[in-house]
Each structure stands twice: as structure tokens, then as C-alpha cells.
1. Could you list, in sequence order, all residues of the stretch 9-35 that are part of a loop (DSSP other than H, G, I, E, B) and closer than 23 Å to Q147 by Cβ?
2. Between L373, L348, which is at pLDDT 95 or above, under 24 Å from G299 (Cα atoms) and in contact with a helix residue (DSSP H, G or I) (Cβ under 7 Å, 6 or more places away or on another chain)?
3. Evaluate the stretch 282-299: report whether one residue or more is surrounded by 17 or more Cβ atoms within 10 Å (Cβ to Cβ) and assigned to a helix (DSSP H, G or I).
4. Can you report the number of residues in the stretch 371-405 which are of a type in the set (S, T, Y), out of contact with any strand residue (DSSP E or B) (no Cβ under 8 Å at 6 or more places or on another chain) and not in a helix (DSSP H, G or I)?
5. Restricting to the stretch 183-226, and then to whatever is among the small types (G, A, S) and assigned to a loop (DSSP other than H, G, I, E, B), can you tell me which residue is nearest to I316 (Cα to Cα)?
6. Within the stretch 50-71, how many residues are closer than 15 Å to P103 by Cβ and either at pLDDT below 95 or in contact with a His (Cβ under 8 Å, 6 or more places away or on another chain) (or both)?
7. What are the pairs, 6+ residues apart or on separate chains, where a residue within the stretch 102-131 that is outside the structural domain of N64 (by TED's automatic domain parsing) has its Cβ under 8 Å from a residue that is acidic (D, E)?
8. Go over the candidates V131, V112, V95, V119 one by one and state the one that is touching a Pro at 6+ places or on another chain (Cβ under 8 Å) and at negative phi.
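The values are calculated or read from the model by the stated rules, or taken from the named source; none is laboratory data. The shown structure was predicted, so the numbers you read here are calculated from the model rather than taken from an experiment. Counting neighbours? That spans all protein chains shown, and the Cβs are built from the backbone with ideal geometry, glycine included.
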Amino acid sequence: MSETRKILTADEALGLLLSHAGPLEEIESIHTTHALGRVLAQDLVSDVTVPPLDNSAMDGYAVNTGDFSDHESRLRVAQRIPAGSVGHALEAGTVARIFTGAPIPPGADAVVMQEDCRVEGDAVIFAKPPVAGAHIRRAGEDIARGQTVLLAGGRFRAQEMGLAASIGLVDVPVFRRLRVALFFTGDEIVMPGEPLAEGEIYNSNRYTLLGLLEGLGCKVADFGIVPDNLDATVAVLEQASHEADLVLTSGGVSVGEEDHIRSAVERVGHLDMWKIAMKPGKPLAYGKARGTHFIGLPGNPVSAFVTFCLFVRPFIQRCQGAHSVMPRSYLLPAEFVWNKPGMRREFLRARLIVKDDGAVGVEVFPNQGSGILSSAVWGEGLVEIRENSIVCKGEPVRFTPFTELLHA
């Protein structure tokens, strides 16, 4: 049996896809303010110490704990140190008015919060002696000079952007954006805004897949709807393969007389995968067209959505250079019964439910048909049902939230 005719398990299919995915070679330097969602291409090493000096964690008074007695102490305010200024050495028996972020003056070994003392003229009265080191942020307690602060393969979130800025980086090295060419097959689909003739449907997959690809930070070239004939499919596939790192299609990957994707790909390249033992989404193709990655998704809206989340997303992330591509999932008690064991692994649209006692379970949408796109809007994630399995109410099931599946 050839590889393209073998029906793979979901695990085998994912393994095959990831074995063919590799990070892009091109690296570009971009301004740190534009790094959100991009994948770091080289480790970032700090040339500075953060914070650079011991500084105050509070608004209050910098003191020397040796000046305090066991009872109430009264000390004179000798200097004022706002953030951005540097004070002078603390004289014995004096304190410094200090503000959050200001450097600790020499001779001071603690900061007393302004709420824990009272001011009388130029003096401050302290009810009890402070503890040495209190409310002082030490130099280098966040980052030391020469420390690797971010590893290549990580994706920039807001906090990574801030961390890069904290070590003074104006620009950061990232992998360039993945170029994805997208087209759709099916004489029955039309674009929203056009009149629907009998037997036609609107092309919802275009909007779903555009949203998913843009959520992953891809640069998308949309080639639109291709007529259901082989020559037209080959022509668009040829053009798309020259312009993209990945060609992604929806529809035409089944075995009907009007499904031409397989023949088109094999005319200009080869296929390594054709079917997966899963539901929804049995027809899922992977191969190369003129050396360019090709993935063909099913045409049914839910099938296209689910297979993208489970297979295309980690493939794209690996191509983008990300070191972590697998979504996190959680075991939760089922608030449903599943008594239809099948030979294919099933992924049910599901959402969380909080019971009166505060316990969290998971329920599934009543209609799991592959054309019921409203189930994906209703749902908050996917429940995985293993092959030949049933589920009784209260049993643990594996739930993967959409927050782990829809974005980078």
C-alpha cells in the first residue's frame, strides 16, 4: 500500500507533518515595538545589569538600621532622592527621603515605607526599627550582565517585548513571516455579497482560514475560488507554489470526479499523505508542489477548522522556528455520555460548565456534524475521544481549549 493510500492515525499524521517542517532560513532584524507574535531567531544576551543599582521598591525613607534604638526613633531628613537622581552618602543619624526606583544612597541598608512613620518638621519618627534589606531591590536581581534572557524559538508576547527593551535592545532578530498561498475549489461556493443560485453556498472557509493564518502571523496571498477542473487547479497551484512557502487549499481533496487537488499536486509534485483516521476531517493531504509545502484541507467548514487547528497550526509554527508547537490540554470530568465507539479518533466541539458546587466539567454540542460551524462558535475547545472508546458521565476526558489552538 502506498503512503498516499494508507490511512494514518492522527498521531502518525501529525508526526509526518512535523518531520517535514523546518524553520525558515531567512532572519530579519525588526524594531522591538513591532515584535509582537514574531519568533526569535537568535538567543538574546544582556549587555547590562537590571536593575543597574540597588534601588528603592517603595516611596519612603532610606535609612541605616544602625541608627535605630529598640524603641521609637527620631531622625533628621538630610536629603531628597527622586527617581532618576543619585543621592550622596547618608550621614549618621539622618535619613533620605526616597522615591520608588531611586538609587539607594551609600550608607543606607533599608527603606521604610512612608505609611510606617510620621513626619514632624524636618524629622521623621519611626515606631520600630526596620529590618536590614527591607524594600530594597538589588542590582542585577532581575538580569545579570552576560545572562541569556530569551532563547531562540520563543515567540514574542508583550512581556518578551518589555524584557528585550529592559536590556536596551532597539531591534531584535526574528524569522521572517511565513508566506502562505490560499485557494479554494468548488463550483458550488461563492463569495459573500454575491447572489446565491440554487445549490450554491457562501465560502465561509475563506474567512475562517484567513483569520487562523493571520492569527499565526503569516503573510497570506489569497488566490480565491478555483473552478472544478484539473487544468485550472494545476495553473493556480503552479503560480501559488512560486510565491509561497506553503500552499493551503480547502475542498477538492476527496475522491469524487470533481475533486482535482490530488491529480494537480501529483502533476507538479508528489503527495506523502492523503487520509487520516479521524472525525471530522478524514481527507487531509500533504505533499510538495514544485518543492513548496502543500496541505489540502477538507471542504466541510468544521473539518477545515479542526484539521487546521490540530495539524496545520503546529506545522506552521515549526516552519516559523517556534520550539514549542503542541497545545496544552487538560483532563476534566465529562458532563455528557458518548456511547458511539468508532474506529476513527473523534474531536468534539465542547465547552466548560461550572456546576453549583464550583466543580468544572465539560459538555459537548448536541450536533457534531462536520457542516455545523455554529458548534465551533458555541464551543470553547475540543474534546478528544480515542478510537473504539465510550465515555460515561463523570469520566475524565481530554479537553484542549481554543485559546491553545487558534493563535500563536
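1. Our first condition is that a residue be part of a loop (DSSP other than H, G, I, E, B); within the stretch 9-35, this holds for 9, 21-26, 35.
Once the filter is applied, which keeps residues that are part of a loop (DSSP other than H, G, I, E, B) and closer than 23 Å to Q147 by Cβ, the stretch 9-35 yields only A35.
2. Numbers: L348 fails: in contact with a helix residue (DSSP H, G or I) (Cβ under 7 Å, 6 or more places away or on another chain).
Of L373, L348, the one residue that is at pLDDT 95 or above, under 24 Å from G299 (Cα atoms) and in contact with a helix residue (DSSP H, G or I) (Cβ under 7 Å, 6 or more places away or on another chain) is L373.
3. First, pick out the residues of the stretch 282-299 that are surrounded by 17 or more Cβ atoms within 10 Å (Cβ to Cβ): 282-289, 292-299.
Pick out the ones that are also assigned to a helix (DSSP H, G or I) and you get none.
Checked against the condition, which is being surrounded by 17 or more Cβ atoms within 10 Å (Cβ to Cβ) and assigned to a helix (DSSP H, G or I), the stretch 282-299 yields no hits at all.
4. Residues meeting the conditions: 0.
5. G217
6. Residues meeting the conditions: 4.
7. Qualifying pairs under 8 Å: none.
8. On the way: V131 fails: touching a Pro at 6+ places or on another chain (Cβ under 8 Å); V95 fails: touching a Pro at 6+ places or on another chain (Cβ under 8 Å); V119 fails: touching a Pro at 6+ places or on another chain (Cβ under 8 Å).
That would be V112, the only listed residue that is touching a Pro at 6+ places or on another chain (Cβ under 8 Å) and at negative phi.
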